[in-house]
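S.K.: Pasting in a structure now, in C-alpha cells, and then I'll have a few things to ask.
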Amino acid sequence: MVKEKKEILRRYRGLLRAAVRSKSPQDKRRIRKAFDVALEAHKDMRRKSGEPYIYHPIAVARICAEEIGLDTTSIVCALLHDTVEDTYITLEDIVNLFGEKEASIIDGLTKISGVFDHATSAQAENFRKMLLTLSDDVRVILIKIADRLHNMRTLDHMRPDKQLKIASETLFMYAPLAHRLGLYNMKTELEDLSLKYKEAETYQEITSKLQKTQAVRTRFINKFSLPIKQALEAQGIQFEIKGRTKSIFSIWNKMVNKYVPFEDIYDVFAIRIIIDVPLEQEKSEAWKVYSIVTDFYQPNPDRLRDWISMPKANGYESLHTTVMSPTGKWVEVQIRSRRMDEIAEKGYAAHWKYKSGGETAESILDNWLAQIREVLESSDDDALTFIDDFKLNLFSEEIYVFTPNGDLKTLPKGATTLDFAFSIHTAIGSKCIGAKVNHKLVPLSHVLRSGDQVEILTSKKQSPKEDWLGYVATARARTKIKTSLKEEKKKVAAEGKDILRRKFNSLGIDFLSVNITTLSKHFKVDSALELYYRIAVGKIDLKKLKGYTIENGRLLFERQAESKTKETQEFISPVPGKKDALLIGDEEQQLDYSLAQCCNPIPGDDVFGFVTVSGGIKIHRDNCPNATQLMSNYAYRVIRARWASKELTQFEVQLRFTGIDDIGLVNSVTNIISADMHVNMKAISFESNDGIFLGMVKVLVHDTEHLSSLTEKLENINGVTMVERVRKEDIEGTR
Ligand code: MN
C-alpha cells in the first residue's frame, strides 16, 4: 500500500514535469486539485490489470501534456475525465470545484462514452459523426483520443473479444481522427496497436521480418545518403538524415489490399532530410536541398509535392520528391525544416515551441484549437481525403441529439422538438406540448442543434393541430400529423354526414353518391369527406342552399352545365421524371458514382456504395466477392445505396450457358434473345467440345427481373442444361 502510494506520487510528478506549459503556481495548484479530487474519487477502483485506477487518468493527462501539448485546463479535465461517469462526483461538483469550462468539457467526454457504452457497430458510426459536431470545445476530442491511446497501450488485460472490439473501433474512428488532426505519431501508434490485437499473428510476423531485414535497409540508406551528405556538408547546411520505414500497419495494409508479399515492400521507405534553419529561410533552403538531391538522383517529375508553399489542411508542411536510386528503385525523399518535422509528427502541438514574437503560448493553443475546429467543420478542402476520412459531406445535413437517457438520435438539420418527439413515438409526438432542451423550456417549433439534450413534455389533452405541419422538418412527423388530422377530420365529418342526411330527407332528395357529388361540385370541394367536414364545422351552411331543382329525388343545379366544363380539364400524361438510377447515403442523395468492375451491379441487385480513395463512389453488389473484405476493413467507407427506379438504363450482363450440342441450338438462343425479348445483344460466342457446348453472350438488360425472365426462357431451350450470370473474374479466368 505504501509502495503503491509512492508509485502514484511518482507518476503524478512525472505528469507535472511533462506539463511544460503549466509552470505557474496557479496552474500547478489547479492540477494538484484535480489530482486530489480524482485520486479520492477513484480510490477504491482498480483497472483490469489490478493496478490502482488513478494510473489511467494520470497517464491520459500526461499524453495530453506531452504528446499533444495541451494546456492546464485539458490536463485538469483529463485527470477528471472518468469521475462523473464512474464515481459519485457530479457535474455540479465540477462546476463548483473547477468552473463552467471544465464542467462542459467533462460533460462532453461523458456524453461520448454514454453513447459508446451501448454502442453496436451502427452506433459506432453515429459516434464518429457525433465527434464532429459535439466539439464545442475541441479539447473534448483531443482528450478522448488520449484516453483511447492509453487504453490501447494497456489493452493486454482485457478479454480477447473486448480487445477485438476496441481495436476495430480504434482503427476506424480514432486513427483517422488523429490523422485528420495532424497527430501523425498518435495515428501510427493507434493503427499499429489495433493491428496487434486484430491480426496478432500477422503483426508478429511483420515485426520479426522487419527486425531481420533491418541491416539490409540500413546499408541501403547509408549508401544512398552518402553523396547527399557530403554535398550538404560542403554547403555548410545543418541537417539530419533519417530513413523512415513504413509502419507495421501500412505494410500490412499494402500486403492485404495490393496482394503483395512482405518481401516486395519491406524496403519501401522514405529518406527524410531535416534541416536546421531559421523560419524565414525554410523554403529557400528546402529547395536548395532539393536541387542537391536531384543532382545525384533523377527525380520523377510526376511525384513532386510542394506542401511548403501549400500546406495540407491538417497543417502538414514538407517538400517531397521521388527519385531513382542506382539500384533501380524509386525512393521518396522528404525535405523539411526541424519545425515542420516536429509539427508533422506531433501535430500543431509542436507549434507553441515555435511561437514568434507577440504571441503567447495561450493564444497559439487557441489558434490551434480553432484550426482543428475548422478542419473538423470544413467540407470542401481536399474533398477526396475528406470523404475518405469521414464522408462528412454526406452527413453535414444532419444533427445529433440526445434523449434524457443519453441515447443518440440523428435528425435532419432544421429538425424541431416536435420532430424529435415523433421520432421517439407517434403517441409522444401527438401529445407533445413542448420540451426541455438542455434543461430549458422551449416550444414545439424550437429548432434543435447538435449536442442538445431533449426531454419532451406531453399532455393527455394535446392533439395534433393543422399548424404543426409548419413546425416539422421530417417526413415521418409530417405523415403522422397528417394521418392524425385526417382521423380527427373523419370523426367530425361523421357528424356533418348526419346533418346532410337529415337535410336531404326533409327536402326529398335521395341520399345517393350522385347527389353528394353534385353538391360537392357546387361548393367546390374535392371530396365527400371535405363536404361533410365543412358542414359539421359550419363552413357550409345548408340553410343558404339556393338555385336548385329536385327531380325524382335527384338534385340539380341550374349552372351545372357550366361547371362541367371545368371538370373536363386537360389530362396531362405524366412525363417520366429524369432521375438518377441510384440513391446514395442515408439521405438518399443522387451522387456521382461508378459501377464496380468486379461484380457489375445492375438495377434490382442489392447494392452498397464504397468511397474509394481516388475514384469517387463505387457501387458493388452485396454478394460481390470483395464485399466482406470491404465491409469489415473499411466499414466507415461503406455507404448505403439503393436503386430508385428500374427501367431507365440498360446494363450489360454476361451469361454463360452449357448444354448438349444440337443443330439449331445457336439459332434458338439468338432468336430468344433478339426476337422474343427485345433484348439488345452485344456479343455472342459458342464453343463446342465433344458434343458439349459452351456459349457466352453479352446482353443489355434493364434490371434483375428482366434478366431472370430472359434466363428462364433460355433454360427452357431443348439441350440447354444451365444458364448463369458471369462475374468478370470468371470471364478472365476462362481466357
Ligand atoms: Mn478513460
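S.K.: Test Ala59 against the stated conditions and say whether it is within 14 Å of the ligand (Cβ to nearest atom) and not assigned by TED's automatic domain parsing to the domain that holds Glu342.
M.R.: yes
S.K.: How many residues does segment 592-607 hold that are open to solvent by 10 Å² or more (accessible area, probe 1.4 Å) and among the hydrophobic types (A, V, I, L, M, F, W, C)? Before the answer, list the steps.
M.R.: Of the residues in segment 592-607, the ones open to solvent by 10 Å² or more (accessible area, probe 1.4 Å) are 592-595, 597-598, 600, 604-607.
If we keep only those that are among the hydrophobic types (A, V, I, L, M, F, W, C) as well, we get 595, 598, 607.
The qualifying residues number 3.
S.K.: Here is a follow-up. Looking only at residues that are in contact (Cβ under 8 Å) with a residue 24 or more places away in the chain and assigned to a helix (DSSP H, G or I) in segment 505-526, which one is nearest to the chain's Cα centre (by Cα)?
M.R.: By that ranking, first place goes to Lys521.
S.K.: Then there is this: Determine the pairs where a residue that is in the same structural domain as Lys111 (by TED's automatic domain parsing), located within segment 80-92, has a partner that is more than 11 Å from the ligand (Cβ to nearest atom) and in a loop (DSSP other than H, G, I, E, B) with Cβ atoms under 8 Å apart, the partner being 6 or more residues away or on another chain.
M.R.: Sorted first by the residue in segment 80-92, then by its partner, the pairs are Leu80/Ile89; Leu80/Phe98; Thr83/Ile89; Val84/Thr90; Asp86/Met45; Thr87/Met45.
S.K.: Next question, about the same structure. What are the residue pairs meeting all of these: first residue in segment 690-712, first residue free of Cβ contacts under 8 Å to residues at least 24 places away in the same chain, second residue assigned to a strand (DSSP E or B), Cβ atoms under 9 Å, and 6 or more apart or on different chains?
M.R.: Here the result reads Glu712/Val723, each pair linking segment 690-712 to a residue that is assigned to a strand (DSSP E or B).
S.K.: Here is a follow-up. Is there a residue being assigned to a helix (DSSP H, G or I), in contact (Cβ under 8 Å) with a residue 40 or more places away in the chain and either in contact with a Ser or Thr (Cβ under 8 Å, 6 or more places away or on another chain) or hydroxyl-bearing (Ser, Thr, Tyr) (or both) anywhere in segment 230-245? Lay out the reasoning, then the answer.
M.R.: Going through segment 230-245, the residues assigned to a helix (DSSP H, G or I) turn out to be 230-234.
After this cut, where a residue has to be in contact (Cβ under 8 Å) with a residue 40 or more places away in the chain as well, the list is 231-232.
Subsequent filtering for residues that are either in contact with a Ser or Thr (Cβ under 8 Å, 6 or more places away or on another chain) or hydroxyl-bearing (Ser, Thr, Tyr) (or both) retains none.
Checked segment 230-245: no residue is assigned to a helix (DSSP H, G or I), in contact (Cβ under 8 Å) with a residue 40 or more places away in the chain and either in contact with a Ser or Thr (Cβ under 8 Å, 6 or more places away or on another chain) or hydroxyl-bearing (Ser, Thr, Tyr) (or both).
S.K.: Being over 29 Å from Pro603 (Cα atoms) and of a type in the set (A, V, I, L, M, F, W, C) is the filter; apply it to segment 635-693 and report the residue that is modelled with the lowest pLDDT.
M.R.: Per the criteria, the residue is Ile663.
S.K.: Val256 versus (1) among the β-branched types (Val, Ile, Thr); (2) touching a residue at least 60 places away in the same chain (Cβ under 8 Å); (3) more than 30 Å from Gln163 (Cβ to Cβ): which is the lone unmet condition?
M.R.: That leaves (3) as the condition not met.
S.K.: Regarding Gly108, is this residue modelled with pLDDT of 75 or more and at positive phi? Talk me through it step by step, then tell me what you get.
M.R.: Details: modelled with pLDDT of 75 or more: yes; at positive phi: no.
No: the conditions fail for Gly108.
S.K.: Determine if segment 25-38 includes at least one residue that is in contact (Cβ under 8 Å) with a residue 24 or more places away in the chain, open to solvent by 20 Å² or more (accessible area, probe 1.4 Å), touching a Lys or Arg at 6+ places or on another chain (Cβ under 9 Å) and over 19 Å from Thr73 (Cβ atoms). So that I can check it myself, show each step before the final result.
M.R.: So the first thing to find is which residues in segment 25-38 are in contact (Cβ under 8 Å) with a residue 24 or more places away in the chain, and the list is 27, 30-31, 33-35, 37-38.
Still in the running and open to solvent by 20 Å² or more (accessible area, probe 1.4 Å): 27, 30, 33, 37.
Adding the requirement that they be touching a Lys or Arg at 6+ places or on another chain (Cβ under 9 Å) leaves 27.
Filter again for over 19 Å from Thr73 (Cβ atoms), leaving none.
Checked segment 25-38: no residue is in contact (Cβ under 8 Å) with a residue 24 or more places away in the chain, open to solvent by 20 Å² or more (accessible area, probe 1.4 Å), touching a Lys or Arg at 6+ places or on another chain (Cβ under 9 Å) and over 19 Å from Thr73 (Cβ atoms).
S.K.: Then there's this: Restricting to segment 136-152, count the residues that are part of a helix (DSSP H, G or I), within 21 Å of Gly451 (Cα to Cα) and open to solvent by less than 10 Å² (accessible area, probe 1.4 Å).
M.R.: The qualifying residues number 5.
S.K.: Moving on to the next point. Scanning segment 270-316 for residues that are at pLDDT below 75 and open to solvent by less than 50 Å² (accessible area, probe 1.4 Å), which turns out farthest from Ser208 (Cα to Cα)?
M.R.: Ala313
The values are calculated or read from the model by the stated rules, or taken from the named source; none is laboratory data. All values reported here derive from a predicted model rather than from experimental measurement. So basically every Cβ, Gly included, is an ideal-geometry build from the backbone, and we count neighbours across all protein chains shown. Remember, those area values only see protein heavy atoms, side chains included, never the ligands or the DNA or RNA. Shrake-Rupley method; radii C 1.70, N 1.55, O 1.52, S 1.80 Å.
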